[in-house]
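Right, one structure below, let's go through it.
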Amino acid sequence: MKLLSVNAGSSTLKFRLYEMPEERVLTKGSFERIGTDDGDYTIRVGDEKIHKTAELHDHNDDSLDEIEAVGHRIVHGGNKYSKSVLINDRVLKEIESISGLAPLHNPAALRGVHAFHEAIPKAQMVACFDTAFHQTIDEATYLYPVPYEWYIKYDVRKYGFHGLSHKFITEKMTSVLTKKPNLIICHIGNGASISAIKEGICIDTSMGFTPNAGIMMGTRSGDIDYSIISYIMKKEERNLEWVDHQLNKSSGLQGIAGMNDLRDIDRAYLANEQKVVLAISMYTSRIVDYIAKYYVKLGGHVDAICFTAGGGENDDIIRQEVVNKLYPLGVTLNEERNKETIVRRGVEGIISGDDSRIPVYVLATDEELMIARDTYHIVG
Ligand code: AMP
C-alpha cells in the first residue's frame, strides 16, 4: 500500500511517501516558507533532487490516485486523543475545537488535511497526535497546583509533546530489549523533552501545557519562575506578547550563549568561550535534573537511558557532559564509543561503559515513520 506521511508546521510541510508494510521510502520532500513570495520546495527520489512537483509522477511512476492513506501529524490532541485516529467530520471538529491550545500548529495541520483531502479524495486520512503518547500520565502528575477549575473550565494541565518520537524510541527499545522497558528518553533537538517510561507506558514528561516547559532548549527557557514575566513587563514597559516571544525565541542556549545550534555551540565550547561554557553547564544540568527525578520515579529500575533527535543523536559533547554528571547513579561513559556513535554517520548503539549500572543508548528517531506505522495500523 502507498501511504503518505505529512508533517505540516505553520510555514513548512515535510512529507514522505512509503510503500507499506515494507516501510520503503519512495519519495520524500519539504516545502519551506509556505505563504511567502519566496517559498521553495525540495523533493527527493532516491538520491536525486527534483524541482517540479509534476515530476513526482514521472520519476516515481506513481499517480496520486495510488496513495491509499495519508497520516498527518497534529500537534495537539487535547484531553480527547490517546491514540492516532481515522479522520472524519467529528474528528475534524474536535481538532478545531482544541485549536486554542495550539493556535499556530493545529490550524496549519488542518489546512494540510483539507488540502490533501481535496487532492486525493479517495485516500483515508489519519490524525497522529504529538500529545497522545503522554495521555497515560496520571492526574497527580498532569495537574498543576493552580485553581482546579482552570482544569475543568479551560483544560489547563500538562499535555507533553514530541509524543511520536518518544513512542518511536519506546517501540524500538521494546524490540531491542524484548520486554516492555523502563526508560528515560532524552529527545534533544532544537526543542527538547525528556520522558519517563514504565513498562512501555509514559508516566511523565518534561514539556507541559505548552512545549515551553521543562528543560532549557535551543531558544526556549523551559521551566522558570513565572513571576519573572510580570517583573520584566514592568521593567521593560512591554506587553505579554513581547515577553512570551523572548521566552520562546530568545532564551535557552540563545539567551545565554547568543547562539542556539548545538554545532555552533560545540565549536565555541572547544574554543573555551566563557558564555558558551556557562550555557552548556546550565543546559546539561537541567537534563540531569530530569533524569535524576525520573530515576526516582521509576523506583531506580531503569533499563536504559536513551538519547535521540538532532542533538542527542549527533552531539557527543552534550552527551559526555550529561553522562559524567550521572556518576552518583553509577552511570559511566565509554568515551571512545560516545565519539564514534554519530547517527548522521549511520552509527547507533550503546555509549555507556561496560561497568555502567544503566546502559546509555543513542538511537535515531523517526517521527514520519511513526506516523506511517500508526496510519497503516489503522487503515491497513
Ligand atoms: P531536531 O530539532 O531534532 O531537528 O534537531 C536540530 C538540532 O540538532 C540542531 O539545532 C542542532 O542543535 C542539533 N544537531 C544537528 N546535527 C548536529 C550535529 N552534527 N552535531 C551536534 N548537534 C547537531
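Using Cα-Cα distances under 8 Å and only pairs 6 or more residues apart, what relative contact order does segment 306-380 have, in percent?
Taking the mean separation of contacting Cα pairs over the length of segment 306-380, I get 31 percent.
Whose amide H sits under 5 Å from the amide H of Asn334, counting only residues 5 or more places off or on another chain, with H placed in the peptide plane?
Amide H to amide H, under 5 Å and 5 or more residues apart or across chains, Asn334 pairs with Ser352, Gly353.
Taking the dipole about the Cα centre of the chain, with the C-beta of Lys and Arg at +1 and of Asp and Glu at -1, give me whichever of Ser5, Ile95, Gly112 is farthest to the positive side.
Result: Ile95.
Checking the a/c ratio against 1.5 first, then a/b against b/c, what shape does the Cα gyration tensor give for the chain?
Rounded.
Set Lys and Arg Cβ to +1 and Asp and Glu Cβ to -1, take the dipole of the chain about its Cα centre, and tell me which of Ile229, Ile201, Ser352 lies farthest positive.
Positive-most Cα among the choices belongs to Ile229.
Using the Cβ atoms and a cut-off under 13 Å, what net charge is assigned to the surroundings of Pro328, where Lys and Arg are +1 and Asp and Glu are -1?
+1
Name the trypsin sites (Lys or Arg not before Pro) in segment 81-150 that are in a loop by DSSP and that have at most 13 other C-beta atoms within 10 Å, would you?
Of the trypsin sites (Lys or Arg not before Pro), the ones in loops of segment 81-150 whose Cβ has at most 13 other Cβ atoms within 10 Å are Lys122.
Rounded, prolate or oblate: which one fits segment 228-285, using the alpha carbon gyration tensor with axes a ≥ b ≥ c (rounded when a/c is under 1.5, else prolate when a/b beats b/c, else oblate)? Let's see the in-between values first.
Details: a/c = 3.14, a/b = 2.61, b/c = 1.20.
In terms of gyration-tensor shape, prolate.
Could you give the size of the charge dipole of the chain about its Cα centre, using +1 on the Cβ of each K and R and -1 on the Cβ of each D and E, expressed in debye and rounded to the nearest 20?
Dipole of the chain, to the nearest 20 debye: 900 debye.
May I ask what percent, to the nearest 5, of DSSP beta bridges between residues of the chain are antiparallel?
About 65 percent, rounded to the nearest 5.
Filter the GluC sites (Glu not before Pro) in segment 179-267 down to the DSSP loop ones having no more than 14 other Cβ atoms within 10 Å, then list what survives.
Here the GluC sites (Glu not before Pro) that fit, given the DSSP loop and packing criteria, are Glu199, Glu237.
Just how far, in whole angstrom, is segment 301-380 from segment 76-137 if you go by their alpha carbon centroids?
Each part's Cα centre sits 30 Å from the other's.
Among the listed pairs Lys83/Lys339; Lys2/Lys80; Lys234/Lys297; Lys179/Lys297; Lys167/Lys293; Lys122/Lys153, which are separated by more than 27 Å between their Cα atoms?
Lys83/Lys339; Lys2/Lys80; Lys234/Lys297; Lys122/Lys153
Rounded to the nearest 20 debye, what is the charge dipole size of segment 218-321 about its Cα centre when +1 sits on each Lys and Arg Cβ and -1 on each Asp and Glu Cβ?
In debye, rounded to 20, segment 218-321 gives about 220.
Would you compute, from DSSP H runs of 4+ residues alone, the mean residue ellipticity of the chain at 222 nm, taking -39500 (n - 2.57) per run and dividing by the full residue count, rounded to the nearest 500?
-11500 deg cm²/dmol
Here, each number is a calculation from the coordinates, and none is a lab measurement. Everything quoted here is computed from the prediction, not taken from an experiment. Cβ: placed from backbone, ideal geometry, glycine included. Neighbour counts: every protein chain shown.
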